[in-house]
Structures are given as C-alpha cells and as structure tokens.
Amino acid sequence: MRLTVGQAVVRFLGQQVTERDGETHRAFAGCLGIFGHGNVAGLGQALLQDERSGIPALPYVLARNEQAMVHTAVAYARARTRMQMWACTASVGPGSTNMVTGAALATINRLPVLLLPSGTFATRATGSVLQQLESPVAGDVTVNDALRPVSRRFDRVSRPEQLPSVLLEAMRVLTDPVQTGAVTIALPQDVQAEAYDWPDDLFSERVWNIGRPPPEPSQVQLAADLIRRAERPLIVAGGGVHYSEAEDALDALSRGTGIAVAETQAGKGSLTHGHPLLLGAIGSTGTSAANAVARDADVVIGVGTRWTDFTTASRTAFQHKRVRFININVARFDADQHSGLPLVGDARETLTALTRALDGYRTETAYGEQVAREWAAWDEQVEATYHPPAEVTDRLDDGVLTQGQVIGAVNELSDPRDVVVCAAGSMPGELHQLWRVRDRGGYHVEYGYSCMGYEIPGGLGVRLACRSRDVFVLVGDGSYLMMPSELVTAVQERVKIIVVIVQNHGFASIGALSESLGSQRFGTQYRYRSGRGRLDGDHVPVDLAANARSLGAHVVEVASVEELHVAVRDAKAAPANGGPFVIHVVTDPLVPGPDNGAWWDVPVSEVSDLESTRTAYAEYVEQRKQQRPLLAPTRPGVDPAQRGRTGQTERDS
Ligand SMILES: Cc1ncc(C[n+]2csc(CCOP(=O)(O)OP(=O)(O)O)c2C)c(N)n1
Ligand SMILES: [Mg+2]
C-alpha cells in the first residue's frame, strides 16, 4: 500500500487495540495537535484525509499549547486506567520542546502518551530551516533530543523503512505496565511527507494484552508469614491500585484481615469514604488518623506505590524500630524500595493471592478500635474545615471565603461520581486530607509532577474520557495564570468542565512553606512594589473572571458561601455540551488547613543574616533527627548451615 509516512502512522495507530481481562479498547482515542511548518503538510495532511473519510481512525483535536495538550492526553489515559491514550503532534522547534514538561509528567506518573514531535529535514537539503538548533558539536542533534531523558522510549524515523519496527516498539512500551510513560517518535518534516510501499500487514488490527503478571508464590508465602507475626500492620494504597483496577481485591484483603488502609495522592479513592478500615491520606499531607497508625506500624504493605517523600513524610512517618515493608508492585524498580520484600506482580492478582494466603488471620480488636477512634477524630476536623466556626469566618474580609469552605461546598454539592481535578498549590494537600471520595474514579490529583497548569487541560482530558461525570477543576490563581489556554479548546469542542478559580493573590502554598523555613513569604504574593522597592504593596488588580470570560467561558463570581452553593448547583445544571463553566471565588491565603503535625524535608540555609532563617534552621536540625533510613532487610537472615555451597569457595575446591 503506497502511503506517506504521515498517512501510515495515522492508519497504523487507528488499528491498535488494547485488551485486559478479555475487554478490548481502541488504543488511541485520537490525536491532539498544533500545526506548524514541521507537521502541517505531513501528519496534518494525513489527519485531514483521515477526517474526510467520515470514519476517522484518529480524530483530531486542536489544542492551544503543546505542554497542555500532553496534560490532556495524560489525564485521559489516567481516567481510562491506561487502557486508552492519545497521540500528540507538534511542529519543529518550540512546539516540540513545549512538550518536554508534559512528557516528564507522563513518565513520572507512569501514564502512556505517544509524542510525535516534528524534526528538521532528514536530508538536510535546505540547511538551517526556521527553528533549527544548529549544534556546533553534533550534526544529528535536534531540539527533539531534549525529550530523550523524559521519555521511556525515544526514536527518530529518518528513513521510511524504519517505521514499522519503530511503531511496534512504541506500542510495546506504551502498553507495558512496567515501562509505560511518554514514548517519543521524532518525525523529520520531509520524512512525514515521503511515500513508500508498505506491506499490508503493517495495517492489520493488532491487539496488545495489558498483562496481569502473577507474583511468585514463595514470596507471597513469606509476606503472609510476616503479616501473621505483625501486631500493627498497615496497607498503603498507591496509584497502582487504580491502574490495575484492584479496588475490590484491596477491599477484600482489608475486610478479610482487618488491616487498615492509608492512601497516597495517586491511590486516593482506592477505598471510598465510609469504609470502616479507611484511614485516608498518609504522609506530609496525611490525616492525623493514618499518620498515627503509620507511626507505630510494624509491617507496612505498599500496593502500587513509589514511596515518594510526601508519602513517607520524608522518611519520618514510620517510627517503629523494626518496621518492615512488603511492596506489591508490577515494577521491580518500585518493589525494592525501603528494603522491602518485593511482591512483583499485578496488584489485583497479588492482593488476591495474599488474601488467600492470609486465610484465618485477623488483627486484634484493640487495633480495629484504634482505627475507628482515630478516624472519627479526624473526620470531625474535616467537618470543622468544611464548615468553619464563626471565630474563623468573622476574621475574613467581606466576600472572602476559606479554602476549606470551597472544598467543602464542592464536595457536598457534587455527585458521588463527579471527578475533582487538581495538581499544584495548597489545594492538592488539602484535597488529599479533606476530600471525601465517594466513587473510585472520583479523585484526580496529579501529584507525581505537581505541575502548575495541569489543572484545566487535565480536567479537559478527564471529561473527554468520562462524559457521564461532571468534572470539577479546582485551580489556584497562580496555576490558572500559567495555563488558562485550554479553556478555548473546551469552548471549541463544547466540552463541559466546571472550573473553580481560587483567587488568593499569589502562592498560598509556597508562601506558607517559605514562612515555615524562615524565608518570610518572600516573592510569593502578587503585590506591587512598595516605596521600599519590595513586593509588599497593594494586590495587583488582576481580574481572572474577566480573563476567563474573554476566552469564551461562562463565568460566575461569588462572594459568599451561599452564592458559591448557587453557582455550583447552576454549574451542575448547565448543559453537557455547553463548554466551560467557571466559578471565581476569593479566599484568604492565611487560613491554614487542619494541622496533622507531619513534616516534609526542604533544606534550610545553614548560615544566615536573618533571625527567621536561623530559627528555622535550628528546627530543621531537630526534625531531621526523626528521619529513618528504612534499610532493615525484610527477609530474616538465612542460617549459614542451610546455605548452598555456592560462590568462590565451591569453584575453588
Ligand atoms: C510549573 C510549576 N512551577 C512551579 C511550581 C512550584 N509551585 C508549587 S505550588 C506554587 C504556587 C501555586 O499557586 P496557586 O496556584 O495560586 O495556588 P496556592 O498556592 O495559592 O494555593 C508554585 C510556584 C510548580 N509546582 N509547578
Ligand atoms: Mg494562589
């Protein structure tokens, strides 16, 4: 079949299918893109031809910013538990390098996305084209090489003959739960438009099984033995629970054994609010309940977690002297963390095997009572944050709310199946602590990369993935300013997303962090320079409501909790194809969320002219004493007499 490389790529991608548990999906929902001279005639022509066929293999969506379009793609893949993804096409030069941040976010969150940056002429016939890098040290380096370290696989097609193997390798990585992340195929502008005679089989439908590798039975037995000897076990559920759709298996293990469950950001929603053994968020942004149980836990069972510093409160969350870890993870890389016992396998399969191996085991009554007591105490704090007492609200300026009130109103007025989306600022931490998840797909906070600007394009991706759920994007003013652009894409595609802009005139999160580290909120507020030349004058009069309106969104400004309630109800009632509905609310950046006493390791200057920094440093030194190396091996030592005659000695004898 004679097609251009661009046409062959589109045709091939349209034929890819993913399969798990006998269920199949089209691997690619479509192609997001922005055209320039690198792709307008190559892939652009191929996508046009595809759309005009009436049954597009790869429906095209025009985005506004290349970083944002990768966010949209990644959010979609997460909402579809990695069973479906998008391709993203960008032009030569800045269009392609704009995708670097999105690629890093995809790779860090282990979410599949296929990036198709355009490259300058493979033939080099016309030297130095617009936006070409011209490296003096290497003739074959282009700006696309910036995508290498943030991609799980990088390739460049400089001759059409290379394309079949490049595409197949890309699919292997994208559909492998261990390897998945951003996959980049750089397509030089001339190669995209070049024709070639392709073998028909390149375009046959191809099914990619997303496997459920089982754990090694002997390791499951070791894990069960360890848990049976535990007095205070704890499960930590990570994003892998969702990706493997292992929520029911987790519920069965927890209920069957009485072991309580704490959740990471990506794992939140593994169990839903009201589950008797749910302790909620763990770590730096954890609940007092989960952190209290974690402190004394002797065996910790991580499921699909990378054990980041937020989850372990920078290795201070687990204080039991002999705490041991069991790590259920499909990737050995993650399963070996904290010297844990690696249970390498699919989360659902492994949880099911472990439940079987633990038959008859049950935690003590006192443990269950502590879990219930700690949770009840925490939930009271949540209630008080959703509905703060008059002594808090009386201190607020007119028309200004607390962030807790905003989170509470959205939580209480949204449907259980609606999805909350967030990524950076003070809200991810508060949502982790406070949001009551009532449906396993209802919580979508990107905290692997915590990328400001993910919120609106991410919300768009979630809504494209689940049209039957309303999507609430909670976005701070700082993050909004970084990337409001995809509101226009939502307007153009008539995609309903409900965006709540939380205006607090700067970075409440980094401001509070700065203050706690002795840096006095320096450079974190959107204020004019005062007479002293410092940024501590009046607020910069930025009108984000007018900004959103100018982009075509329907915007409501609220100045009280009652008005916020009306606005959320109106947003829910707005038509499903009505485009973005924006609610603008002003909050006080200085009202703290509930205190959980947890720590996060951010280094403080060791010497300083400032008293505030010296005080913070002294505190920092104290806090670091709580850090544990978490190095104790999980497997008990083997008796030397039992050891096989291996190694040097045997060979020598
Ligand atoms: C792209 C990017 N740049 C910088 C940061 C560091 N950072 C984290 S939160 C934050 C401020 C966010 O401000 P805003 O969205 O207004 O939320 P608030 O802190 O006020 O809740 C910054 C600068 C980041 N996470 N992402
Ligand atoms: Mg802010």
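The values are calculated or read from the model by the stated rules, or taken from the named source; none is laboratory data. Treat the numbers as computed from the prediction; the structure is a model and nothing was measured. Every residue, glycine as well, gets a Cβ built from its backbone with ideal geometry; the counts of neighbours run over all protein chains shown. Areas reflect the complete protein model, heavy atoms only, side chains present, ligands, DNA and RNA absent. Shrake-Rupley method; radii C 1.70, N 1.55, O 1.52, S 1.80 Å.
Annotations for the structure displayed:
- Options Asp379, Asp296: the member that is touching a residue at least 40 places away in the same chain (Cβ under 8 Å) and acidic (Asp, Glu): Asp296
- Residue match in segment 275-289 (condition: under 23 Å from Gly256 (Cα atoms), open to solvent by less than 10 Å² (accessible area, probe 1.4 Å) and more than 18 Å from the chain's Cα centre (by Cα)): yes
- Which listed residue, of Gly448, Gly461, is assigned to a helix (DSSP H, G or I) and not β-branched (Val, Ile, Thr): Gly461
- Any chance Val183 is of a type outside the set (Ser, Thr, Tyr) and assigned to a strand (DSSP E or B): yes
- Selection within segment 464-510 - part of a loop (DSSP other than H, G, I, E, B), touching a strand residue (DSSP E or B) at 6+ places or on another chain (Cβ under 8 Å) and within 13 Å of ligand 1 (Cβ to nearest atom): Asn504, His505, Phe507
- Selection status of Glu430, open to solvent by 10 Å² or more (accessible area, probe 1.4 Å), assigned to a helix (DSSP H, G or I) and more than 16 Å from ligand 2 (Cβ to nearest atom): no
- Test result for Ala125, in a loop (DSSP other than H, G, I, E, B) and open to solvent by 60 Å² or more (accessible area, probe 1.4 Å): yes
- Selected residue (criterion: farthest from ligand 2 (Cβ to nearest atom)) from residues of segment 452-473 that are surrounded by fewer than 24 Cβ atoms within 10 Å (Cβ to Cβ) and farther than 26 Å from Leu278 by Cβ: Arg467
- All positions within segment 518-539 that are away from ligand 1 (no atom under 14 Å from the Cβ) and open to solvent by 30 Å² or more (accessible area, probe 1.4 Å): Gln520, Tyr528, Arg529, Ser530, Gly531, Arg532, Gly533, Arg534, Leu535, Asp536, Asp538
- Restricting attention to segment 599-611, the residues being small (Gly, Ala, Ser) and either open to solvent by less than 40 Å² (accessible area, probe 1.4 Å) or in contact with a Leu (Cβ under 6 Å, 6 or more places away or on another chain) (or both) number 1.
- On the stretch given as segment 133-172, residues that are farther than 22 Å from Thr101 by Cβ, of a type outside the set (Val, Ile, Thr) and in contact with a helix residue (DSSP H, G or I) (Cβ under 8 Å, 6 or more places away or on another chain) total 6.
- Looking across Gly518, Gly593, one residue alone is away from ligand 2 (no atom under 13 Å from the Cβ), over 19 Å from Leu396 (Cβ atoms) and not charged (D, E, K, R). It is Gly518.
- Subset of segment 475-511 (residues that are within 8 Å of ligand 2 (Cβ to nearest atom) and touching a residue at least 60 places away in the same chain (Cβ under 8 Å)): Asp477, Val502, Gln503, Asn504, His505, Gly506, Phe507, Ala508, Ser509
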